[in-house]
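Below you'll find the structure, written out as structure tokens, and then a few comments.
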């Protein structure tokens, strides 16, 4: 018997296994992305919170977020796939010394608001998606770009926590 048919069969089996892994990885990431999008769909567009650092009351307003994702195959055997979730949202806020004063503040998106873009990065390793980092880019009066390691994403509050896949 020739070795060619066996090599062809082995190649077909390997290709089938790769396609199965592609489908598994993609389905798992789509679940993370759906959970993320759902969290932002129910996010209140107007709220008042006590800021954990400044201890000031903050009246915040948000636009409805847009959430998109992408998954890419890599050439790495250790990390065969990478993915990103991109969240775009405008927001604005104003502070007060007490909750009632903060609620009474008029806050509008168009008056000095900030357009924020969060890009959350993942790596597929050991058969599961793992948070690997990402960026927050704020376009506004102070315009900043902040690189966040995984532990910094986990310290955030709000719907973004639903986007981390853990």
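The values are calculated or read from the model by the stated rules, or taken from the named source; none is laboratory data. What you see is a predicted model, and the numbers here were worked out from it, not measured in a lab. Methodologically, a virtual Cβ is constructed for each residue, glycine included, from the backbone with ideal geometry; neighbour enumeration extends over all protein chains shown.
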Can you list residue pairs whose Cβ atoms sit under 8 Å apart, with the first residue in region 124-136 being at negative phi and surrounded by fewer than 19 Cβ atoms within 10 Å (Cβ to Cβ) and the second being at pLDDT below 95 and part of a loop (DSSP other than H, G, I, E, B)? Count only pairs 6 or more apart in sequence or on different chains.
125/78; 125/79; 130/165
Enumerated strands (runs of 3 or more DSSP E) restricted to region 106-166, each holding at least 3 residues that are touching a strand residue (DSSP E or B) at 6+ places or on another chain (Cβ under 6 Å) and over 20 Å from residue 90 (Cβ atoms)
114-125, 128-139
Consider residue 1 against the criteria (1) at pLDDT below 90; (2) in contact with a helix residue (DSSP H, G or I) (Cβ under 7 Å, 6 or more places away or on another chain): it satisfies all of them except one. Which criterion is unmet?
(2)
